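Enquirer: Handing you this structure, nothing more for now.
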Amino acid sequence: MLKILKSSVSAAILSGVLMGCALAAEVKSIAILTPEEGTDYGWNQQGIDAAKAAGKAAGVEVVVAQGLGYGDVRPTLRELASDGASLLIAHASGYNTSAPEIAKELKVPVAIVDTPTGLEKGLVADYTLSGHQGAYLAGRLAAKMSRSKSVGIVVSGEPPSWNSQSAAFAQGVKAEKPDVKITYAVIGPAAYSDAAGGKRVTESVIAAGADIIFGQGNGSSFGMLQAVETTKAADGGKVYFIDVIGDKSPIDKGFLLSSVVWNIEPVYAAMIADLKADTFGTKHYTIGLQDDSVKLLKTAAIPDNVWAEIQALREDVISGKIKVDPVYDAAAVRALMTSVAQ
């Protein structure tokens, strides 16, 4: 069901004269479109919360259109544009074709994901974000804590963001303990909201020996978490879950080991600033460990000595002593895995 909510945060819109007498662009409002409800402690919720925070800080109105699904969102894009949105944030890879079309049709700037080559000054910006630095640390953590020397990666698809994190996690596992087995499983080509599939595939990965699951899935991650909660490891002990993007601590029953948490607010804040400066669509946006826009979640399940080791590794990544390059290609990701489950 379509839900569009407006958040009036301030009547003050920054406009003024730049040095040299050029006027800054007026940004009246921004809108974010998400395929699922903003209650997933993940991609959708983090996106909505970040847009609201960035809008509040900039003094602009924020419009939220959530629960749109993964189909054609052109009518919603047109509606939001006609309502006066200065920026349409198309927060799903499934929207990266329709949103640029609407941008060109109506001359309204859009932000899309998973299309690094799609930049168009004044109209289209891409924010293909990657939490690969945090995922690398998650891999080191998983290898340190796995009792069975077997971990799993379960993904709801293979978009660039998921691929880069899967690859980095695998690299972290192998850097920590080369003999740890990695089972890689894909629920489906775009199974982002498939909770039942997430549960089924995660159960199969646990059956293959994994006692720690690194899950990337939006709504399907709830099925992954359910599988972890209800399925024993091969030694009869607990299976742990490492999540991505958000923090599921409020609903955790003792099975959440960590999460690669993203803070997208600085990205949206930069987009608003670029709109005002007439530089929108000329640059890529990134997140990383250095400014805590990517960070690893500390839970009670992680011993203090292990966490201290992870924090030392974090400093090594930030300093460049450990280099973690993103790998976006699905075939390259699969080549890093010990075994592939479908």
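The values are calculated or read from the model by the stated rules, or taken from the named source; none is laboratory data. Because the structure is a prediction, the values reported are computed rather than measured. Cβ coordinates were reconstructed from backbone atoms using ideal geometry, including for glycine residues, and neighbour counts include every protein chain displayed.
Enquirer: Could you tell me whether any residue of the range 325-338 is closer than 26 Å to THR128 by Cα, in a loop (DSSP other than H, G, I, E, B), at pLDDT 95 or above and charged (D, E, K, R)?
Expert: Checked against the condition, which is being closer than 26 Å to THR128 by Cα, in a loop (DSSP other than H, G, I, E, B), at pLDDT 95 or above and charged (D, E, K, R), the range 325-338 yields no hits at all.
Enquirer: Within the range 47-64, how many residues are buried (at least 18 other Cβ atoms within 10 Å of the Cβ) and touching a residue at least 60 places away in the same chain (Cβ under 8 Å)?
Expert: Total meeting the criteria: 9.
Enquirer: Another question, if that's okay. Check GLY288 against each of (1) touching a helix residue (DSSP H, G or I) at 6+ places or on another chain (Cβ under 6 Å); (2) surrounded by 19 or more Cβ atoms within 10 Å (Cβ to Cβ); (3) within 30 Å of SER86 (Cα to Cα) and name the one condition it does not meet.
Expert: (2)
Enquirer: Restricting attention to the range 84-98, report how many residues are without any contact (Cβ under 8 Å) to a residue 40 or more places away in the chain and of a type outside the set (Val, Ile, Thr).
Expert: Selection size over the range 84-98: 2.
Enquirer: Among GLY209, GLY219, which is the only one that is surrounded by fewer than 24 Cβ atoms within 10 Å (Cβ to Cβ), touching an Asp or Glu at 6+ places or on another chain (Cβ under 6 Å) and not aliphatic (A, V, I, L, M)?
Expert: None of the other options fit; the residue is GLY219.
Enquirer: Please determine, by comparing only the residues of the range 228-248 that are over 15 Å from ASP49 (Cβ atoms) and not in a loop (DSSP other than H, G, I, E, B), which one is nearest to the chain's Cα centre (by Cα).
Expert: VAL244
Enquirer: Same structure, new question: Quick test for you: out of GLY71, GLY94, GLY67, pick the one residue that is surrounded by fewer than 19 Cβ atoms within 10 Å (Cβ to Cβ), modelled with pLDDT under 95 and closer than 27 Å to GLY197 by Cα.
Expert: Answer to the selection: GLY71.
Enquirer: Also, quick follow-up: Scan SER319, SER293 and give me the residue that is out of contact with any Leu (no Cβ under 6 Å at 6 or more places or on another chain), farther than 21 Å from ILE153 by Cα and loosely packed, with under 14 Cβ neighbours inside 10 Å. Reasoning before the result, please.
Expert: Values: SER293 fails: loosely packed, with under 14 Cβ neighbours inside 10 Å.
Within the list SER319, SER293, the selection yields SER319.
Enquirer: Here's another thing I want to ask about it. Quick one: THR299 ticks every box in (1) among the hydroxyl-bearing types (Ser, Thr, Tyr); (2) in contact with a Leu (Cβ under 7 Å, 6 or more places away or on another chain); (3) surrounded by fewer than 14 Cβ atoms within 10 Å (Cβ to Cβ) bar one, so which box is it?
Expert: (3)
Enquirer: Grab the strands (runs of 3 or more DSSP E) fully contained in the range 44-162, keeping just those with 2 or more residues being in the same structural domain as VAL333 (by TED's automatic domain parsing).
Expert: 150-155
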